[in-house]
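Enquirer: The structure that follows is given in the form of structure tokens.
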Amino acid sequence: MPSLPTISPEEEAKAKAKDGTSVGSFDAPTAGSRDEATIAYYLMLGDDALILGQRLSEWCGHAPTIEVDLSLANMGLDLIGQATHLLGGAAGAMGEGRDADALAFHRDVLDFRNCLMVEQPNDDFARTMARQFLYSTWHHMLLGRLAGSKDGHLAAIAAKGVKEVAYHRELASDWVVRLGDGTEESARRMAEGLDWMWRFVPELFHVDEDLQKVIDAGIAVDPREFEAEYREAIAAVLAEAKLTVPDDQRPILGGRHGHHSEHLGHLLAVMQFLPRAYPDAKW
Amino acid sequence: MSGHDWPLWEVFVRAKGGLSHRHVGSVHAPDKEMALHHARDTYTRRLEGVSLWVVKSDDIIASDPDQAGPTFAPAEDKIYRHPTFYEIPDEVKHI
Amino acid sequence: MYTTELDKQPEKKNVTPIDGAEDPALVEAFEARVAADEFIEPKDWMPEAYRKTLVRQISQHAHSEIVGMLPEGNWITRAPNLRRKAILLAKVQDEGGHGLYLYCAAETLGTSREEMIEALHSGKAKYSTIFNYPTLTWADIAAIGWLVDGAAIMNQVPLQRTSYGPYARAMVRVCKEESFHQRQGYEAMMHLMAGTPEQKRMAQDAMNRWWWPSLMMFGPPDENSPNTERSMRWRIKRETNDELRQKFVDITVPQAEYIGLTVPDDALAWNEEKGGYDFGEIDWEEFYAVVRGEGPVAKERMKARRDAWDKGAWVREAADAHEAKKRAAAAA
């Protein structure tokens, strides 16, 4: 594995300070007008989609049946598509000729803003479904509200994404029910999967200063608005699955600020290998 | 049971409003909800449809091809059921 | 792809005679229908040998699609940009879909998918030799799209008119979906050949490794392809191995030259008289070794497939158990 070149902080600062005028590959009209907090919000959602899409794509060719293989790939494709749009939006605003690929492949761990849940390894199908269920339920509730964002570009991405994610949520919920209320083994695995992921749920509802700024500006959604609804929805599915809601523990945070689990570094080492090893190449 | 394959379902897709559902293939699935999910993920990845039906393959009752003679031949000589059987002068249009 | 007869070494044995127990009148009527380009449907009467050959050919084709997900799948997580990642994931997913369509087509002949998968995992059933070669660099993904899918399309297009209805219909869908696969492979190769010296090196190296195995995909030469004659008569196969191979070479060589790739064959030369290329001798010993399961990564491929199936067993069981519980609850 090649070592990952460090990102020069000066470059980064310069890019952030500058209100970019050049646009990325996807975004155009509103590119130059986003402030730092908005860019961070784009990155947060874009990185969630990218990392979860990458994780799902690891299943390709290895799922329990061909049908399930196709389902997982479909969700992965939806998310990679969303990531391309969101990172494109961020890149356009950051300027300096950046595009979505520059952000996906040339940032290191400290600059990734995805939540900790999405970077957790797939492990078995139950843990993958626990992750998908807990994340996509949140994602669905978020995008439904984000379609009303004052940032028109973000609203458009959300309006398209919400339809995709509605299906992710439905499929994942259906699987949680089948595995939870299937055999003894599947129930055990499903409970273990939930247990693994549950500690990362609070991060989804955590609001820091940056996020508060974009919430106040009417650009971002305040996730606390739907936390009760989320917990109810999760509990309802788990009840149908004859599973108990895991106990809450002290929240584990950090992903939104670049402080990740050990898993993300490995994921990036694989994902970013080619463009890092051949920085001058175009593909 | 040692991880057998799931039962087979036949999949029908309505390509767009105004058309009938048409048989497109099949999928394996454990139950009807999953059969619909699998049908969607398998057969509508390229905007092929606006509506899906799934039917358990075992529930389809088919005519017997060995009986194709008795089943379909009687319709053969009933040519009076077809419009071309009737000769109408060209001058009389739109009948 | 991947419909060539792989089961046997060339034998001196002749075409298996149609089972003498079958009613000659039925056989004759069947042959007449096929000769008239009619489609045979699942419940129609058919000779046992026709049924068996089809199950073998279609399941072999399905296995090839499923095993074929692995060499390319090896690069999905390492695709060099987001566009290529989405394209590759969609493409490998398509292959899974094609495997699924084909298994279902074969199931209409009375063999379950589970039985076919078991035959694959036990080593009894074969799949295309091409997937037993490793994908070493990103250029291999381009080479597979361009060469392997190119060869596949050549084999598959005529099968849209194959005599067995469900197979023909599956192939229509497969061909429609596959049309982008080869184009994206060639386009990716073009990018590499227009790129840095390292990229060009990767591209040529991939060309060197994939060219001959691609030619082998069409199967043994016609004189060693024992069932070709009967399969042609039954419209299970519509063109011979050598005809298709020649077509492939004639189309592909100019494509290689156009982007500056060298075809790794010293004997390659344009033959004005036949209006096609002459090309070197294929290493059939290698081909048969790979058919026997001695390909460079054959063990890895089989292990990956068995693992997926075995590790998925509890998932399949769980869903069945859940359905049974719901049914019992509804009945109560």
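Enquirer: Which of the residues spanning the range C:242-271 are of a type in the set (S, T, N, Q) and farther than 22 Å from C:His191 by Cα?
Expert: Hits for the range C:242-271 are C:Gln246, C:Asn271.
Enquirer: Among the residues that make up the range A:210-231, is at least one of them more than 17 Å from A:His140 (Cβ to Cβ), basic (Lys, Arg) and surrounded by 13 or more Cβ atoms within 10 Å (Cβ to Cβ)?
Expert: yes
Enquirer: Residue check: is C:Arg161 closer than 29 Å to C:Val55 by Cβ, surrounded by fewer than 21 Cβ atoms within 10 Å (Cβ to Cβ) and either touching a helix residue (DSSP H, G or I) at 6+ places or on another chain (Cβ under 8 Å) or at pLDDT below 95 (or both)?
Expert: The answer is yes for C:Arg161.
Enquirer: Inside the range A:255-283, can you point out the residues that are outside any helix (DSSP H, G or I), out of contact with any helix residue (DSSP H, G or I) (no Cβ under 7 Å at 6 or more places or on another chain) and more than 14 Å from chain C (Cβ to nearest Cβ)?
Expert: Applying the first criterion (outside any helix (DSSP H, G or I)) to the range A:255-283 yields A:258-262, A:272, A:278-283.
Going one step further and asking which of them are out of contact with any helix residue (DSSP H, G or I) (no Cβ under 7 Å at 6 or more places or on another chain), we end up with A:259, A:262, A:279-280.
Passing the criteria: A:His259, A:Glu262.
Enquirer: Then there is this: Can you tell me how many residues in the range C:237-261 are touching a Phe, Trp or Tyr at 6+ places or on another chain (Cβ under 7 Å) and either of a type in the set (S, T, N, Q) or not in a helix (DSSP H, G or I) (or both)?
Expert: The qualifying residues number 2.
Enquirer: I'd like the full set of residues that are more than 7 Å from every other protein chain (Cβ to nearest Cβ) and either exposed (fewer than 12 other Cβ atoms within 10 Å of the Cβ) or among the charged types (D, E, K, R) (or both), limited to the range B:1-23.
Expert: B:Glu10, B:Arg14, B:Lys16, B:Gly17, B:Gly18, B:Ser20, B:Arg22
Enquirer: Just for the range A:174-218: of the residues that are over 18 Å from the mean Cα position of the chain (by Cα) and assigned to a loop (DSSP other than H, G, I, E, B), which one is nearest to the other protein chains (Cβ to nearest Cβ)?
Expert: Here the residue is A:Gly182.
Enquirer: May I pose another question? B:Arg22 - would you say it is among the basic types (Lys, Arg) and part of a strand (DSSP E or B)?
Expert: Numbers: among the basic types (Lys, Arg): yes; part of a strand (DSSP E or B): yes.
Criteria met by B:Arg22.
Enquirer: Then there's this: Might you check whether a residue that is touching a residue at least 60 places away in the same chain (Cβ under 8 Å), over 14 Å from the mean Cα position of the chain (by Cα) and away from chain C (no Cβ under 14 Å) occurs anywhere in the range A:84-92?
Expert: Checking the range A:84-92: at least one residue is touching a residue at least 60 places away in the same chain (Cβ under 8 Å), over 14 Å from the mean Cα position of the chain (by Cα) and away from chain C (no Cβ under 14 Å).
Enquirer: Say whether the condition of being closer than 19 Å to B:Ser26 by Cβ, outside any helix (DSSP H, G or I) and more than 13 Å from chain A (Cβ to nearest Cβ) is met by at least one residue in the range C:90-108.
Expert: Looking for residues that are closer than 19 Å to B:Ser26 by Cβ, outside any helix (DSSP H, G or I) and more than 13 Å from chain A (Cβ to nearest Cβ), one finds at least one in the range C:90-108, hence yes.
Enquirer: Does B:Ala29 qualify as being among the aliphatic types (A, V, I, L, M), touching a Pro at 6+ places or on another chain (Cβ under 8 Å), under 26 Å from A:Asp69 (Cβ atoms) and surrounded by 12 or more Cβ atoms within 10 Å (Cβ to Cβ)?
Expert: yes
Enquirer: While we're on this one: For the range A:35-55, check the following and say yes or no: at least one residue is of a type in the set (Lys, Arg) and at pLDDT below 95.
Expert: No: zero hits.
Enquirer: In the range A:93-107, how many residues are surrounded by 24 or more Cβ atoms within 10 Å (Cβ to Cβ) and more than 13 Å from chain C (Cβ to nearest Cβ)?
Expert: Going through the range A:93-107 one residue at a time, the tally reaches 2.
Enquirer: Hey, among the residues in the range C:272-291 that are hydrophobic (A, V, I, L, M, F, W, C) and outside any helix (DSSP H, G or I), which one's surrounded by the most Cβ atoms within 10 Å (Cβ to Cβ)?
Expert: Step one: of the range C:272-291, the residues hydrophobic (A, V, I, L, M, F, W, C) are C:279, C:282, C:284, C:287, C:289-291.
From the residues that got through so far, the ones that are outside any helix (DSSP H, G or I) too are C:279, C:282.
Values: C:Phe279: 20, C:Ile282: 17.
Per the criteria, the residue is C:Phe279.
Enquirer: Which of (1) of a type outside the set (A, V, I, L, M, F, W, C); (2) at pLDDT 85 or above; (3) loosely packed, with under 15 Cβ neighbours inside 10 Å does B:His38 not meet, given it meets every other one?
Expert: Looking at each condition in turn, B:His38 falls short on (3).
Enquirer: Restricting the search to the range C:194-217, which residues are buried (at least 20 other Cβ atoms within 10 Å of the Cβ), within 12 Å of chain A (Cβ to nearest Cβ) and aliphatic (A, V, I, L, M)?
Expert: C:Met202, C:Ala203, listed by residue number.
Conditions (1) closer than 18 Å to A:Leu43 by Cα; (2) more than 14 Å from chain C (Cβ to nearest Cβ); (3) in contact with a strand residue (DSSP E or B) (Cβ under 7 Å, 6 or more places away or on another chain), marked per residue:
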residue: A:Ala126; (1), (2), (3): no, no, no
residue: A:Arg131; (1), (2), (3): no, yes, no
residue: A:Asp151; (1), (2), (3): yes, yes, no
residue: A:Ala158; (1), (2), (3): yes, yes, no
residue: A:Lys163; (1), (2), (3): no, yes, no
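Enquirer: With the requirement that a residue be in contact with a Leu (Cβ under 7 Å, 6 or more places away or on another chain) and within 17 Å of C:Asp278 (Cα to Cα), what does the range C:222-247 give you?
Expert: The answer is C:Arg245, and nothing else.
To keep it simple, each residue is scored yes or no on (1) assigned to a helix (DSSP H, G or I); (2) within 14 Å of another protein chain (Cβ to nearest Cβ); (3) under 19 Å from the mean Cα position of the chain (by Cα); (4) basic (Lys, Arg).
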{"site": "C:Trp270", "(1), (2), (3), (4)": "no, no, no, no"}
{"site": "C:Lys299", "(1), (2), (3), (4)": "yes, no, yes, yes"}
{"site": "C:Asp307", "(1), (2), (3), (4)": "yes, yes, no, no"}
{"site": "C:Asp310", "(1), (2), (3), (4)": "yes, yes, no, no"}
{"site": "C:Asp320", "(1), (2), (3), (4)": "yes, yes, no, no"}
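Enquirer: For the condition more than 9 Å from chain A (Cβ to nearest Cβ) and surrounded by 21 or more Cβ atoms within 10 Å (Cβ to Cβ), what is the one hit in C:Ile130, C:Ile76?
Expert: C:Ile130
Enquirer: Here's a check for you: in the range C:164-176, which residue that is free of Cβ contacts under 8 Å to residues at least 24 places away in the same chain and within 13 Å of chain B (Cβ to nearest Cβ) is surrounded by the fewest Cβ atoms within 10 Å (Cβ to Cβ)?
Expert: So the residue we want is C:Lys176.
Enquirer: Could you look through the range B:45-65, keep only residues that are under 23 Å from C:Ser179 (Cα atoms) and more than 11 Å from chain C (Cβ to nearest Cβ), and pick out the one that is modelled with the highest pLDDT?
Expert: Restricting to residues being under 23 Å from C:Ser179 (Cα atoms) and more than 11 Å from chain C (Cβ to nearest Cβ), the top hit is B:Gly49.
Enquirer: Only one of these is modelled with pLDDT of 95 or more, outside any helix (DSSP H, G or I) and out of contact with any Leu (no Cβ under 6 Å at 6 or more places or on another chain): C:Gly219, C:Gly185, C:Gly195. Name it. So that I can check it myself, show each step before the final result.
Expert: Details: C:Gly219 fails: modelled with pLDDT of 95 or more; C:Gly185 fails: outside any helix (DSSP H, G or I).
The unique qualifying residue is C:Gly195.
Enquirer: Working only within the range C:113-139, note down all residues that are free of Cβ contacts under 8 Å to residues at least 40 places away in the same chain and assigned to a helix (DSSP H, G or I).
Expert: C:Arg113, C:Glu114, C:Glu115, C:Glu118
The values are calculated or read from the model by the stated rules, or taken from the named source; none is laboratory data. This structure is a prediction, so every number in the text was calculated from the model and none was measured. All Cβ positions, even for glycine, are placed from backbone atoms using ideal geometry, and neighbour counts span all protein chains on display.
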